[in-house]
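To start, the structure itself, in structure tokens.
The values are calculated or read from the model by the stated rules, or taken from the named source; none is laboratory data. None of the values given here were measured: they were computed from a predicted structure. In this analysis, Cβ positions are derived from the backbone assuming ideal geometry, glycine residues included, and neighbour counts consider all displayed protein chains.
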Amino acid sequence: MIVDDQAVIRDRLRALFEDEDLRVSDASDGAEAVQKAQREKPNLIILDLSMPVMNGLDAARRIKAIAPSTHILMFTLHTYPQLLDEARKAGISSVVSKSDAAGPNLLRALRSLLAA
């Protein structure tokens, strides 16, 4: 599942993952992600940090409570050390920066988590 408040990000990631033959759903905020995670029980959620309604850290905590085996990867512009610590505490397995090399880095992290 791709969770980002920007439709263009969701669309680009969907195209990237569908090229890898991965089935993808999406949500536009953390609250919607929690609802969908409860229904769909996805293997992996790619979650933005800054979103309306519910941010990524709060969503991750709630998702891990209802779907503890779901891997969560945070995909964000923010990668400062305090965030990385908070992400781990929230149950997020990996944090990937929305940088110029985002696509290959994200695919590498995704494959690693799905293989675990």
Quick one: which residue in Leu83, Leu107 is in contact (Cβ under 8 Å) with a residue 24 or more places away in the chain and within 22 Å of Arg12 (Cα to Cα)?
Leu107
Restricting attention to region 12-21, which residues are in contact with a strand residue (DSSP E or B) (Cβ under 9 Å, 6 or more places away or on another chain) and surrounded by fewer than 18 Cβ atoms within 10 Å (Cβ to Cβ)?
Arg14
Of Ala60, Ala67, the only residue that is of a type outside the set (Lys, Arg), closer than 23 Å to Leu107 by Cβ and touching a Pro at 6+ places or on another chain (Cβ under 8 Å) is Ala67
Just to verify a result, which residue in region 26-46, among those that are over 23 Å from Pro104 (Cβ atoms) and within 12 Å of the chain's Cα centre (by Cα), is surrounded by the most Cβ atoms within 10 Å (Cβ to Cβ)?
Ala33
If I filter region 74-85 for residues that are of a type outside the set (S, T, N, Q), assigned to a strand (DSSP E or B), touching a helix residue (DSSP H, G or I) at 6+ places or on another chain (Cβ under 7 Å) and at pLDDT 95 or above, do I get at least one hit?
no
In the set Ala109, Ala31, Ala15, the lone residue that is in a helix (DSSP H, G or I) and either at pLDDT 95 or above or polar (S, T, N, Q) (or both) is Ala31
